[in-house]
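Notes to accompany the following structure.
The values are calculated or read from the model by the stated rules, or taken from the named source; none is laboratory data. Since the structure is predicted, the reported quantities are computational estimates derived from the model, not experimental observations. Here the Cβ is made from the backbone with ideal geometry for all residues, glycine too, and neighbour counts use every protein chain on show.
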Amino acid sequence: MNEWHMIVVDGNRNATHAFVIGFAVGHGIDPAVPAFVDGELEAATVGERLRALVGKGHSTVLAPGTVATALESHGAAVGLHVTHHALIESVSFGWRAETPSREAAAKIRATFADLGPGVLLVEVDEEEIDPAGQGVELRAQVHEYTFRASGRVVGAPDGVVAMRRRVAGLDFVTVEGLRFDERPIA
Amino acid sequence: MPEGTLTDLGTLLPVWSALPFAGILLSIAVMPLLMPTFWHHHFAKVSAAWALVFAVPFVVEFGGPAWHELAHVAIVDYVPFVILIATLFTLGGGIFVRGTLRGSPGVNAALMAVGIVLASVVGTTGASMVMIRPLLRANRARRHREHTVVFFIFLVSNIGGALTPLGDPPLFLGFLHGVPFFWTLALLPEMLFTATWVLALYLMIDLRLWRREDAQVRAASDAPRQPLGLDGAHNLLLLAVVVVTVIASGVWPGPEVMVLGVHQRVGNLVRDAVMLVLLAVSWSTTSTAVREANEYSWSPIREVAILFAGIFVTIIPALAMLRVGEAGAMAGLVRVVRDPVHFFWASGTLSSFLDNAPTYLAFLSTALGRLYPGVHESVAIPRLIAEHPSYLAAVSAGSVFMGANTYIGNAPNFMVKSIAEEAGVSMPSFFGYILRYSLPVLVTTFVVVGWLFFT
């Protein structure tokens, strides 16, 4: 899919999901394609996250333009109102990792080595070996090995959203929210 | 200044003379968290600085009696304490549990139960070092591991050490100050209740998380299994000799001799000599492979030796003021902490954030100052045990159990966290540990323990 739209819908979250997935199935779109990214946005406030948890408030959906058009035309009938609609050029998220575990570092590297099509990684990483950190210590512990990395994943919305969900499942990695590079609908 | 006149000193010292003691405890608590690299390289200087801030004016002001106090604390407390810690750590570090284990809830709980028993024999630090690696190996394939390490810290690194003076440094200090070796067994009901309850909570949580693991993790593996076994098992025999030696020094204290002007029992000197021999035997007879597998090094012993040198010097004014009760500058504390349940929570709350060994000594002295002000410890402690044992039980249980409340409450907590992180377990942050585990699991348990046993 070439064109991605970000649609912010005001209304019951479950109703939005049902509408979008139902529309997708009815129009031959893979129902896994529309991405519901509530709580994953960079600017999400605590209130927004809480509302997303209880299914109230508004939903942010990444989907093809036909879904946006359908929501704008027919959503009001079921209490769903589109409050924001934009064309998405790209999506990105920042991340950082720090671990004293070689095994965890290898997993992190392997995950970012398999980015998928249309996704780029701007990355800085480093390994530090501290000879003073060998052996067991009590409170004066420093680690012999430390892997530090940080970066930004940029690219097509579907690939970036999927990547963010994989990265969020990794130990020792802190993931930032999704940031959209959007263009107003002409 | 003859022994016993510490009482007089306690009435003379101002409250601010305890500031270096507060300073060193706060440094030990906070600096490894806020500036770990600085602490790693400079903790000896920090410890020495706090010790000198107290010791220099103390000696200048009080002269000979001050020297005597410093020599007394070194000979009676510090040297035996460091020798015991070094011996237990070296013997414990010579035992390696090998074999393939599957990290199911039952196996994890069994490993922790073994660790709890071991903790009272080899000390919480030694037991943590011996048992954490088999536990991490067993759980290597699991996705949910953090909670297992946290409960290991609760049970093996802290609560399990409550039953003997070998189990946790505060209890050994109590032993050095005259608490009989077997008296700590009186904590069995508190310890059994707490350990069983916390272990049961762990099992409930782990069973739930076990069901969420991938099917291949839960299924029994067809891969070849290494049978369970112990390397360096002869160290268990040496540990038995440690137990007998410590008990013997309590049963047969022997005649008194003067060491640097301080009265010391021959039995204690013999005990310390035997410990050093056992340490040397363990070191020379245990294979290097076992030590390497446990990542044994002298660093923890060096660390204890340096930090406790500072602690034992700076604790002198605090103990002296507390022991004279309301006649000293710390009368306010003595007046506020009155009942056993107060002692349980006060010693426990402070042990949650400061090292639990000096905290135990401070509250033992507070109890003595409240109940037997001005009476020498050698008389006051037997009377405390005979007349008000619940005070000592409350201080012991509070200091030992609540060291688990934070990463900084007890030295092995940090060690276990570090070993687990290096093995790829993402451990909770300092506040995450408190909010997600200590408050809901431990503090609620301690509310029940305090109500059941100390009110």
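May I ask you to list the residues in the range B:397-415 that are more than 14 Å from chain A (Cβ to nearest Cβ) and either free of Cβ contacts under 8 Å to residues at least 12 places away in the same chain or β-branched (Val, Ile, Thr) (or both)? Break it down stepwise before answering.
As a first pass, look at the range B:397-415 and keep what is more than 14 Å from chain A (Cβ to nearest Cβ): B:397-402, B:404-405.
Listed by number, the list holds a single entry, B:VAL400.
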Criterion: under 24 Å from B:VAL313 (Cβ atoms), in a helix (DSSP H, G or I) and modelled with pLDDT under 90 - qualifying residue of B:ALA346, B:ALA362: B:ALA362
Just wondering, is there one or more residues in the range B:319-334 that are over 30 Å from B:GLY94 (Cβ atoms), away from chain A (no Cβ under 13 Å) and within 18 Å of the chain's Cα centre (by Cα)? no
I'd like the residue in the range A:112-130 that is within 25 Å of A:GLU144 (Cβ to Cβ) and more than 12 Å from chain B (Cβ to nearest Cβ) and, out of all such residues, is nearest to the chain's Cα centre (by Cα). A:PHE112
Is it the case that B:SER429 is within 30 Å of B:HIS144 (Cα to Cα), among the polar types (S, T, N, Q) and free of Cβ contacts under 8 Å to residues at least 12 places away in the same chain? yes
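Scan the range B:287-318 for residues that are among the acidic types (Asp, Glu) and either surrounded by 23 or more Cβ atoms within 10 Å (Cβ to Cβ) or assigned to a helix (DSSP H, G or I) (or both) and jot them down. So that I can check it myself, show each step before the final result.
Going residue by residue through the range B:287-318, those that are among the acidic types (Asp, Glu) are B:292, B:295, B:303.
Residues satisfying the conditions are B:GLU292, B:GLU303.
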Whichever residue in the range B:427-438 is in a loop (DSSP other than H, G, I, E, B) and modelled with pLDDT of 90 or more and, among such residues, is farthest from the other protein chains (Cβ to nearest Cβ): B:PRO428
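When you go through B:LEU452, B:LEU435 one by one, which is the residue that is surrounded by fewer than 21 Cβ atoms within 10 Å (Cβ to Cβ) and free of Cβ contacts under 8 Å to residues at least 40 places away in the same chain? Show your work before the answer.
Values: B:LEU452 fails: free of Cβ contacts under 8 Å to residues at least 40 places away in the same chain.
None of the others qualify; the one that does is B:LEU435.
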Name the single residue that is nearest to the other protein chains (Cβ to nearest Cβ) among those in the range B:416-426 being of a type in the set (Gly, Ala, Ser) and part of a helix (DSSP H, G or I). B:SER418
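Specify the residue that is nearest to B:SER396 (Cα to Cα); the eligible residues are those in the range B:306-351 that are polar (S, T, N, Q) and in contact with a Phe, Trp or Tyr (Cβ under 6 Å, 6 or more places away or on another chain). Working first, answer last.
Initial filter on the range B:306-351 (polar (S, T, N, Q)): B:314, B:347, B:349, B:351.
From what is left, the residues that are in contact with a Phe, Trp or Tyr (Cβ under 6 Å, 6 or more places away or on another chain) are B:314, B:347.
Values: B:THR314: 22, B:SER347: 8 Å.
My answer is B:SER347.
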Among the residues of the range A:92-111, write down those that are in contact with an Asp or Glu (Cβ under 7 Å, 6 or more places away or on another chain) and hydrophobic (A, V, I, L, M, F, W, C). A:PHE93, A:TRP95, A:ALA104
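Look at B:SER120 and say whether it is buried (at least 20 other Cβ atoms within 10 Å of the Cβ), assigned to a helix (DSSP H, G or I), among the polar types (S, T, N, Q) and within 13 Å of another protein chain (Cβ to nearest Cβ).
Numbers: buried (at least 20 other Cβ atoms within 10 Å of the Cβ): yes; assigned to a helix (DSSP H, G or I): yes; among the polar types (S, T, N, Q): yes; within 13 Å of another protein chain (Cβ to nearest Cβ): no.
So B:SER120 fails the test.
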Tabulated pairs, the range B:62-87, first under 16 Å from B:VAL266 (Cα atoms), second at pLDDT below 90 and outside any helix (DSSP H, G or I), C-beta under 6 angstrom, 6+ apart or interchain: B:HIS72/B:VAL262; B:ILE75/B:VAL259; B:ILE75/B:VAL262; B:ILE75/B:GLN264
Is at least one residue of the range A:92-111 under 30 Å from B:GLY126 (Cα atoms), surrounded by fewer than 18 Cβ atoms within 10 Å (Cβ to Cβ), more than 10 Å from every other protein chain (Cβ to nearest Cβ) and β-branched (Val, Ile, Thr)? no
Listed by range, helices (runs of 4 or more DSSP H) wholly within the range B:1-109 having at least 2 residues that are within 22 Å of B:PRO170 (Cα to Cα), out of contact with any strand residue (DSSP E or B) (no Cβ under 8 Å at 6 or more places or on another chain) and modelled with pLDDT of 90 or more are B:19-34, B:36-62, B:79-92
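So that you can scan it fast, the table gives a plain yes or no per residue for (1) touching a residue at least 60 places away in the same chain (Cβ under 8 Å); (2) not aliphatic (A, V, I, L, M):
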| site | (1), (2) |
| --- | --- |
| B:HIS144 | yes, yes |
| B:VAL149 | yes, no |
| B:GLY160 | no, yes |
| B:LEU163 | no, no |
| B:PRO170 | yes, yes |
| B:LEU187 | yes, no |
| B:PHE193 | yes, yes |
| B:ALA200 | no, no |
| B:LEU209 | yes, no |
Among what's in the range B:22-50 and is surrounded by 19 or more Cβ atoms within 10 Å (Cβ to Cβ) and farther than 14 Å from B:PHE353 by Cα, pick the residue that is farthest from the other protein chains (Cβ to nearest Cβ). B:TRP50
If you take the residues of the range B:355-389 that are surrounded by 19 or more Cβ atoms within 10 Å (Cβ to Cβ) and small (Gly, Ala, Ser), which of them is nearest to B:SER47 (Cα to Cα)? B:ALA357
Name every residue in the range B:269-313 that is touching a helix residue (DSSP H, G or I) at 6+ places or on another chain (Cβ under 9 Å), among the hydroxyl-bearing types (Ser, Thr, Tyr) and within 9 Å of chain A (Cβ to nearest Cβ), in order of residue number. B:TYR296, B:SER297
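Would you mention how many residues in the range B:89-108 are crowded, with 19+ Cβ neighbours inside 10 Å and under 23 Å from B:ARG211 (Cβ atoms)?
So the first thing to find is which residues in the range B:89-108 are crowded, with 19+ Cβ neighbours inside 10 Å, and the list is B:89-97, B:101, B:103-104, B:108.
Narrowing further to those that are under 23 Å from B:ARG211 (Cβ atoms): B:101, B:103-104, B:108.
Matching residues across the range B:89-108 total 4.
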